[in-house]
Amino acid sequence: MIRRPCPTEIKLLPQIENEADRRYTRVGLRQIVDMPPAALASLEQGRRDGRLWVAVSPLGRIVGFALMKQPGGLAWLDQLSVLDAWQGRGLGTALIDRTAATARALGFDALYLSTYRDVPWNGPFYAKRGFKEVPRGRWPHAFRLQFMTENGHGHPPWRRSIMRRGV
């Protein structure tokens, strides 16, 4: 089930992100594990603004989440995390679909994200869900700033791309 989180659940989300990120060590991206997770203040702002959703197990445990931001006035899937044990069950897709539906309801015509183009649960995963890579020459200023920020956190830029999906 996908739903909005309660205020008391926000503190669980960085732990979920950290746990989900451990799988990056299998593809030579150990530095992701060392990167700080989404800030509690950012997650709380997303909750208050209706741009944060959680995936919940049948027993009511939060097992994933998605956060949408709006840099440069565009809908941006800022974070998508699902615990390893819950991947492959459609929760990531459901979180993406909820984010896209919210973007559409807010008047956006597309949802954007940045990701690793060659990591199976990144670029190929998003491509199967309708995202297409945006050529660098067509990036608006806000995306260039986002990319520079991500590079500053340690993401290797040659492996990254920005993708777009109509909502």
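The values are calculated or read from the model by the stated rules, or taken from the named source; none is laboratory data. Predicted model only: the values in this text are computed from it and were never measured. Every residue, glycine as well, gets a Cβ built from its backbone with ideal geometry; the counts of neighbours run over all protein chains shown. Accessible surface is based on the protein model in full, side chains and every heavy atom, while ligands, DNA and RNA are left aside. Shrake-Rupley method; radii C 1.70, N 1.55, O 1.52, S 1.80 Å.
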| said: Above 18 Å lies some portion of the pair distances; for the range 115-167, what is it as a whole percent of all C-alpha pairs? | reply: 32 percent
| query | Sorted by accessible area with a 1.4 angstrom probe, largest first, how do Thr25, Thr102, Thr8 fall? | reply | Thr8, Thr25, Thr102
| So what is the calculated 222 nm ellipticity per residue for the chain, using -39500 (n - 2.57) for each DSSP H run with n of 4 or more, over all residues, to the nearest 500 deg cm²/dmol? | -9000 deg cm²/dmol
| So which trypsin sites (Lys or Arg not before Pro) in the range 1-67 pass both tests, a DSSP loop state and at most 14 other Cβ atoms within 10 Å of the Cβ? | Arg30, Arg61
| To the nearest 20 debye, what charge dipole does the range 43-167 have about its Cα centre, counting +1 at the Cβ of each Lys and Arg and -1 at the Cβ of each Asp and Glu? | 240 debye
| query | Under 21 Å from the Cα of Lys69, which lysines turn up, not counting those fewer than eight places away in the same chain? | reply | Lys11, Lys132
| The list (1) 30, 18, 12; (2) 27, 16, 13; (3) 22, 19, 16 gives values of semi-axes √(5λ) of the Cα gyration tensor in Å, and only one came from this structure; which label was calculated from it? | (3)
| Hey, if you put +1 on the Cβ of every Lys and Arg and -1 on every Asp and Glu Cβ in the chain, which of Gln31, Ser161, Ala127 ends up farthest toward the positive end of that dipole? | Ala127
| message | I need the trypsin sites (Lys or Arg not before Pro) found in the range 95-167, filtered to DSSP loop residues with at most 11 other beta carbons within 10 Å of theirs. | response | Lys128
| remark: Classified through the alpha carbon gyration tensor (a ≥ b ≥ c as square roots of its eigenvalues; rounded if a/c is under 1.5, else prolate when a/b is larger than b/c, else oblate), the range 1-63 comes out oblate
| field | Percent of C-alpha pairs per 10 Å bin, the range 42-117, short to long | value | 19, 52, 25, 3
| said: Need one number: % antiparallel among DSSP beta bridges in the chain, to the nearest 5. | reply: 90 percent
| remark: Heavy-atom accessible area per residue of the range 91-167, all protein chains kept, 1.4 Å probe, expressed in Å², is 50 Å²
| message | With a 1.4 Å probe and all protein chains kept in place, how much accessible area does Ser57 have, in Å² rounded to the nearest 10? | response | 10 Å²
